[in-house]
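One structure is given here, and the rest of the page talks about it.
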């Protein structure tokens with residue numbers, strides 16, 4: 001998340017108590033990400049990226065994404081009905097397979113560099129101290145023409161009008177699922193970035209600069 005929290009607050013008409021001390025360029029699963037939960041749509045909160053399903057007794061199952069065509073499965077069925085959220089973002093990464101084991105990382109953004117929101121789901125989970133912490137996943141859908149030559153899935157991005165519908169408790173599951181569509185390709189662009197993004201400890205602006213061989 002490159003934008004400061006004051007931009008998020010203005011864009012999503014929501015307040016916040018905590019915020020990143022510095023911009024984040026390389027957020028990894030299990031790390032904190034901002035979200036707006038349908039239980040309190042006027043507040044931006046930190047959540048842990050990744051959900052452990054209740055039915056898994058081993059504690060080893062961990063999901064960071066949920067497919068739009070799997071919303072009727074036990075893991076997501078209750079959440080799509082009752083526990084939806086927005087996950088603010090200003091870009092996302094995918095990796096394109098090239099030759100051998102080599103993959104080229106790409107950053108996807110809006111053409112206007114603006115903020116947007118992924119459709120997400122959330123649940124409370126206990127941490128090691130017994131505190132209940134919200135955990136989130138990003139819902140994915142089929143790719144648009146900007147994403148499809150890099151990856152066969154993309155995050156489900158909502159329009160501003162759809163964001164309100166998504167958070168509305170009166171929106172039933174079937175209506176919410178209908179919002180999970182590829183975002184208009186005409187509003188997005190992509191560019192190859194540095195492989196520095198592959199190392200979790202790298203979290204600097206250099207990551208999002210276009211690669212030298214990027215068009």
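Of everything in region 139-176, what is crowded, with 21+ Cβ neighbours inside 10 Å and in a strand (DSSP E or B)? Give them in sequence order.
Across region 139-176, the qualifying residues are 139, 140, 154, 155, 157, 158.
Please work out which residue is farthest from residue 158 (Cα to Cα), limiting yourself to region 88-111 and to residues that are assigned to a loop (DSSP other than H, G, I, E, B) and at pLDDT 95 or above. Spell out how you get there, then give the answer.
Narrowing region 88-111 to residues assigned to a loop (DSSP other than H, G, I, E, B): 90-91, 98-102, 111.
Checking the rest, the ones that are also at pLDDT 95 or above come to 90-91, 111.
Working: 90: 13, 91: 14, 111: 16 Å.
Among those residues, the one meeting the criterion is 111.
Return the residues of region 9-24 that are closer than 20 Å to residue 109 by Cβ and at pLDDT 95 or above; say none if nothing qualifies.
10, 11, 12
Could you tell me whether residue 209 is modelled with pLDDT under 95, out of contact with any helix residue (DSSP H, G or I) (no Cβ under 8 Å at 6 or more places or on another chain), loosely packed, with under 14 Cβ neighbours inside 10 Å and over 22 Å from residue 53 (Cβ atoms)? Steps first, answer last, please.
Details: modelled with pLDDT under 95: yes; out of contact with any helix residue (DSSP H, G or I) (no Cβ under 8 Å at 6 or more places or on another chain): yes; loosely packed, with under 14 Cβ neighbours inside 10 Å: no; over 22 Å from residue 53 (Cβ atoms): yes.
Spelling it out, it is not the case that residue 209 is modelled with pLDDT under 95, out of contact with any helix residue (DSSP H, G or I) (no Cβ under 8 Å at 6 or more places or on another chain), loosely packed, with under 14 Cβ neighbours inside 10 Å and over 22 Å from residue 53 (Cβ atoms).
So residue 168 fits all but one of (1) in contact (Cβ under 8 Å) with a residue 12 or more places away in the chain; (2) touching a strand residue (DSSP E or B) at 6+ places or on another chain (Cβ under 7 Å); (3) within 18 Å of residue 80 (Cβ to Cβ); what number is the exception?
(2)
Being part of a loop (DSSP other than H, G, I, E, B) and closer than 24 Å to residue 31 by Cα is the filter here; which residues of region 186-215 pass it?
194, 199, 200, 201, 202, 203, 204, 209, listed by residue number.
Any residue in region 40-60 that is loosely packed, with under 14 Cβ neighbours inside 10 Å, without any contact (Cβ under 8 Å) to a residue 12 or more places away in the chain and under 17 Å from residue 164 (Cβ atoms)?
For region 40-60, residues loosely packed, with under 14 Cβ neighbours inside 10 Å, without any contact (Cβ under 8 Å) to a residue 12 or more places away in the chain and under 17 Å from residue 164 (Cβ atoms): present.
When residues of region 177-206 are filtered for being surrounded by 15 or more Cβ atoms within 10 Å (Cβ to Cβ), in contact with a helix residue (DSSP H, G or I) (Cβ under 9 Å, 6 or more places away or on another chain) and over 19 Å from residue 143 (Cα atoms), how many remain?
4
Which residues, taken from region 1-31, are surrounded by 14 or more Cβ atoms within 10 Å (Cβ to Cβ) and within 14 Å of residue 117 (Cβ to Cβ)?
1, 3, 7, 8, 9, 11, 12, 14
The values are calculated or read from the model by the stated rules, or taken from the named source; none is laboratory data. Nothing here was measured: the structure is a model prediction, and the numbers come from that model. Ideal geometry is used to build each Cβ from the backbone, glycine not excepted, and the neighbour counts take in all protein chains shown.
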